[in-house]
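Inspection log for the structure reproduced underneath, given as structure tokens.
Please treat every number below as a calculation from the coordinates, not as lab data. Please read these numbers as outputs of a predicted model, since none were measured by experiment. Ideal geometry is used to build each Cβ from the backbone, glycine not excepted, and the neighbour counts take in all protein chains shown.
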Amino acid sequence: MSTAEECGHKLQVLRTDNEQFTAAEFAAYYVGEGIQWHYTLYTPQQNGVVKRQNQTVVATARALLKQRGMLVTFWGEAVNTTVHLLNRSSAKSEGKTPYEA
């Protein structure tokens, strides 16, 4: 049983880049499960930026949980908190937060 099923949620949309998960077996599985499969519009260069940002979110969420000694069941809350904090942190390039931009 996946984590989404444990929480009572069903995966509705999966968004991937064109570099991974393009096998016909995946497509057949998604259709059979009623999952919409979207590709990102990013170029490979932009995918690198997105992947680094995802790594930042995962590492920060992991650090939040570990620092407070919390259970992994709070993973979703840690990720939401991390994204909230990152969206309100200043961005060097613009001089304003992503939320303000």
Taking K and R as +1 and D and E as -1, what net charge do the other residues with C-beta under 14 Å from the C-beta of ALA61 add up to? +2
Interchain or long-range residues, amide H under 5 Å from THR40's placed H: THR16, ASP17, ASN18
Hey, which lysines would be in cross-link range of LYS96, C-alpha to C-alpha under 21 Å, not counting anything within fewer than 8 residues on its own chain? none
